[in-house]
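Structure first, then comments.
Readers should treat all values here as calculations from the given coordinates under stated rules, not as data from a laboratory. Please read these numbers as outputs of a predicted model, since none were measured by experiment. Positions of Cβ are generated from backbone atoms using ideal geometry, with glycine treated the same way; all protein chains shown enter the neighbour counts.
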Ligand code: HEM
């Protein structure tokens, strides 16, 4: 039985028993007539009752990373009791799940279900025909030309931010760059989405978003959080208050916009005007609310983290920062960057891409497998909880030599063409690929170019970056930096 590779002793015993009862002698038994046993990915030992949930919960990425290094890119882990999860991080696995057999994999995984109180049935969490219809409706809002119209909003917000840094620069104070980026991208999201500044008068909104996303992120790695997220605990009650505040704000904006019937040229106007090609129907208020909340949440923290980590990495690699500054100075010659400049700033883009390789804001991508499937030669049963991880895929040495090294040269067109497409998935892939990827890259490139042009940032002495695994990947203690403005 040469292909019996895992748990051999137990399997042999099982065969002998089974065939002995049927009256088949061992000599008649061949590989071809034995029933196939599931060939699961390797499974590390775990506590008989508690499984490995505690290790997983304490540090999901650290735990999964250690397993992948020890067992390879496919691992089966027992979370708790007989509840299993499948970690699949090879590019072929990503391609199979996100692209080739994507219909078998839904968003009904527990870590996504806990986001439902906030995101409802928006684009990130919905499935099937409903999702397809919504994606078709919303896609035009993310057309390149539409996003080009947001360029000035992005650069104006960034210029105002850099002007605001002047006081701290003169006093030699440190600034929390993580907070600055979060504020900036929230401002851009608020203005492009519904022409509103969420950072000033509506500061409460910003706080509610931050609390709700933090609370949900913490819940998403707790066992049974799907059931407990709505319990009236102090945190649960605060979550309800935060969500109802956001609901009220969004509803008010939608009501006003519907009443005035104005086209502000923002994403909300697009959502309200969107009509299904086949049925001609628009979205009801509940759906508009879910989509607005989804875009606000999916759109600002991710881009903010991309910028924060990029600035952190540049502070650690002055030679790369210098090369970037040279590109920006030569191409822009002191001008504010525009969308047209982006094609002439390739190194800026490579730096951002490499930062997203090392610190992909969406560091895990979860799915629930509907039917049994075979992925990378392994059996995956029905209803399996699947965890893919851009963070771990982006560190597989087979595709990324010296994976921990920050090296934007990995993103020259030649190098990109040599790698499998699914070795790099900061925006996911297949039909559920991020709808906002062009928006995000445009914003990140414009803001980074402006910062390099106008300021120099250096890390506060003694600061050690530490990962915080919330809904997105953030630096745990913010990013304290000293700023000097350039002449
Ligand atoms: C650097 C910034 C961003 C990163 C790293 C990022 C990452 C991702 C990833 C990995 C997915 C796929 C999730 C999955 O397959 O389960 C996704 C989906 C999505 N993203 Fe982004 N995203 C970013 C920016 C944005 C922006 C700016 C917006 C909107 C303004 C946005 C809106 C969405 C939406 C609506 C989806 C769901 C798409 C669907 O399932 O049809 N994202 N994003």
- [ ] Quick one: give the max-minus-min coordinate of the C-alpha atoms of the range 204-310 along each principal axis, largest first, in Å.
- [x] 42, 38, 31
Task: Convex hull per residue volume in Å³, alpha carbons only, for the range 309-360 - done: 79 Å³
- [ ] Provide the gained length on full extension for the span residue 152 to residue 81, in nm with one decimal, where the gain is 0.36 nm per separating residue minus the Cα-Cα distance.
- [x] 20.2 nm
Task: Using a Förster distance of 25 Å, the FRET efficiency for residue 486-residue 323 (Cβ separation, nearest 0.05) - done: 0.95
- [ ] For each of 71, 86, count neighbouring Cβ atoms within 10 Å of the residue's Cβ, then give the residues from fewest to most.
- [x] 71, 86
Task: Proxy reagent accessibility, fewest Cβ within 10 Å first, across 313, 392 - done: 313, 392
Open item on the list: How far apart, in nanometres, would the label points at residue 466 and residue 197 be if each is projected 7 angstrom from Cα along the Cα-to-Cβ direction?
Closed with: 3.5 nm
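Report the percentage of all Cα-Cα pairs in the range 107-179 whose separation exceeds 18 Å, rounded to a whole percent.
Cα-Cα pairs in the range 107-179 separated by more than 18 Å: 65 percent.
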Open item on the list: Just to confirm the number: angle between the C-alpha axis of helix 151-164 and the first principal axis of the chain, 0 to 90 degrees, nearest 10?
Closed with: 70 degrees
Open item on the list: For the chain, take the longest principal axis of its alpha carbons; what is the angle in degrees between that and the long axis of helix 128-138, to the nearest 10 within 0 to 90?
Closed with: 20 degrees
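Taking the beta-carbon count within 10 Å as an exposure proxy, list 351, 114 from fewest neighbours to most.
Starting with the residue having the fewest Cβ neighbours, the order is 114, 351.
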Task: Rotationally averaged projected area of the range 28-148 (alpha carbon convex hull; nm²) - done: 12.5 nm²
- [ ] Would you calculate the separation in nanometres between label points at residue 49 and residue 414, each defined as 7 Å from the Cα along the Cα-to-beta-carbon direction?
- [x] 6.0 nm
Task: Centroid-to-centroid separation of the range 436-450 and the range 92-165 [C-alpha atoms, Å] - done: 16 Å
Task: Rounded to whole Å, sorted largest first: equivalent-ellipsoid semi-axes of the range 414-487, Cα gyration tensor - done: 29, 19, 13
Open item on the list: Kirkwood Rh over alpha-carbon pairs of the chain, then Stokes-Einstein at 25 °C and 0.890 mPa s: what D in µm² s⁻¹, rounded to an integer?
Closed with: 100 µm²/s
Open item on the list: In whole Å, what are the extents of the range 57-120 along the principal axes defined by its C-alpha atoms, from largest to smallest?
Closed with: 38, 32, 22
Open item on the list: Starting from a Cα-only point model with no solvent, please compute log10 I(q)/I(0) by Debye for the range 356-468 at q = 0.12, 0.17, 0.24 1/Å.
Closed with: -0.61, -1.10, -1.48
TODO: Could you calculate the contour length gain from residue 316 to residue 135, that is, 0.36 nm times the residue separation minus the distance between their Cα atoms, to one decimal place in nm?
DONE: 61.2 nm
Task: DSSP-defined beta bridges in the chain - what % are antiparallel, rounded to 5 - done: 90 percent
Task: Length released on extending from residue 259 to residue 240, taking residue separation times 0.36 nm less the Cα-Cα span - done: 4.0 nm
Task: Calculated [θ] (222 nm, deg cm²/dmol) that DSSP helices of n ≥ 4 give over the chain, each run adding -39,500 (n - 2.57) - done: -15500 deg cm²/dmol
- [ ] Along Cα→Cβ, 7 Å out, is where each label goes; now give me the distance between the ones at residue 144 and residue 69 in nm to one decimal.
- [x] 4.1 nm
Open item on the list: Taking just the alpha-carbon atoms of the range 330-400, what radius of gyration and Dmax come out, in angstrom?
Closed with: 19.3, 58
Task: Pairwise FRET efficiency - residue 159 versus residue 404, Cβ, R0 = 30 Å, nearest 0.05 - done: 0.30
Task: Inter-centroid distance (Cα atoms) of the range 266-340 relative to the range 375-428, Å - done: 23 Å
